[in-house]
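Notes to accompany the following structure.
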Amino acid sequence: MEPNKLKQALGAGLLSFPVTPFDDAGEFNPDAYGAHIDWLSGFDATVLFAAGGTGEMFSLSPDEIPRIVAIAKAASNGTPIVGGCGGGTRVAVEIAKGIEKAGGDGILLLPQYLIDAPQAGLYAHVKAVCDAVGFGVTVYNRDNCVLQTETIQRLADDCPNLIGFKDGTGELGLVRRITATIGDRLTYIGGMPTAELFAEAYLGAGFSTYSSAVFNFVPQLACDFYKALRAGDRATCERILNDFFFPFMDLRSRQKGYAVSAIKAGVRLQGFAAGKVRPPLTDLTEQEVDILAQLMAPWKK
């Protein structure tokens, strides 16, 4: 997909990042993945992120990612597919090239592993990845890859295929300065864990959309919340927050990593063979799965 078309798609509606299913041996399960992507593509997400954060990109080998992207493209019924990309610069470049070769429509560049770096180094890292491919790149601003306004402005000037900025820092002062400085040169995506909890604040900061993790297993609920948000229907947003998102937040907060594990549990409860999470994550306990089942019962398919 041409970068500007991907930019438009990213800003046109709700986004999500499907889980990556594994079989009993811990290997990628393409049939289960295709079935889940096919189901999700029937709802109103304008782009899906394959092998992203909720897709456990951090636990995948670099050669698994292009295959996952290819399966997603084949099953998405025309919904654009952006592949997760990360690691050190050379690894990220190779993953990005593999995603492009596999037919992906773009990449989401996740933070490099472990090492904090100065702004000049982060600039060089993002630029190297952008220069290596022809499709659209969205950078994920969080953890040890927090780009300051001057750096993202420089990248926007120097990298025509940098088309998106996703934020997971929660630093609204910083991101508002970025949106006010750079304007519509980029599409801005909310990327906090359980992004619906922060969606109203990010909308006010110039972000038109966000990526919804719960879309994985309650897609209609996720779409209803997004539509209410964009319509300014605060009463409906608050009702859904109180009925679902705040209780889900309480469950998600019980253990580190449950922002992914709870989503995968929800997908299993919807009848898809998502399998367990890979280490270093751990799965929900049986009692916690029962709590999630009760919470999502009104939206079972």
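Check Leu114 against each of (1) surrounded by fewer than 23 Cβ atoms within 10 Å (Cβ to Cβ); (2) more than 19 Å from Ile152 (Cα to Cα); (3) in contact with a helix residue (DSSP H, G or I) (Cβ under 9 Å, 6 or more places away or on another chain) and name the one condition it does not meet.
Condition (3) is where Leu114 drops out.
Would you mind finding the one in Val129, Val91 that is exposed (fewer than 15 other Cβ atoms within 10 Å of the Cβ) and outside any loop (DSSP other than H, G, I, E, B)?
Exactly one of Val129, Val91 is exposed (fewer than 15 other Cβ atoms within 10 Å of the Cβ) and outside any loop (DSSP other than H, G, I, E, B), namely Val91.
Output the residue which, of all residues in region 132-152 that are open to solvent by 60 Å² or more (accessible area, probe 1.4 Å) and either among the acidic types (Asp, Glu) or over 19 Å from Thr187 (Cα atoms) (or both), is farthest from the chain's Cα centre (by Cα).
Glu150
Please tell me if Phe49 is more than 18 Å from the chain's Cα centre (by Cα) and open to solvent by less than 20 Å² (accessible area, probe 1.4 Å).
no
If you go through region 18-37 one residue at a time, how many are in a loop (DSSP other than H, G, I, E, B), within 13 Å of Gly55 (Cα to Cα) and out of contact with any helix residue (DSSP H, G or I) (no Cβ under 8 Å at 6 or more places or on another chain)?
The first filter runs over region 18-37 and keeps only residues in a loop (DSSP other than H, G, I, E, B), leaving 18-21, 23-27, 29.
Now drop any that are not within 13 Å of Gly55 (Cα to Cα), which leaves 18-21, 29.
Okay, now just the ones that are also out of contact with any helix residue (DSSP H, G or I) (no Cβ under 8 Å at 6 or more places or on another chain), so 29.
Residues flagged as in a loop (DSSP other than H, G, I, E, B), within 13 Å of Gly55 (Cα to Cα) and out of contact with any helix residue (DSSP H, G or I) (no Cβ under 8 Å at 6 or more places or on another chain) within region 18-37 amount to 1.
Being touching a strand residue (DSSP E or B) at 6+ places or on another chain (Cβ under 8 Å) and of a type in the set (Ser, Thr, Tyr) is the filter; apply it to region 61-88 and report the residue that is least open to solvent (accessible area, probe 1.4 Å).
Only one residue tops the list, namely Ser76.
The values are calculated or read from the model by the stated rules, or taken from the named source; none is laboratory data. Fair warning: this is a prediction, and the values are worked out from it, not measured in the lab. Virtual Cβ from ideal backbone geometry, glycine too; neighbours counted across all protein chains shown. Accessible surface is based on the protein model in full, side chains and every heavy atom, while ligands, DNA and RNA are left aside. Shrake-Rupley method; radii C 1.70, N 1.55, O 1.52, S 1.80 Å.
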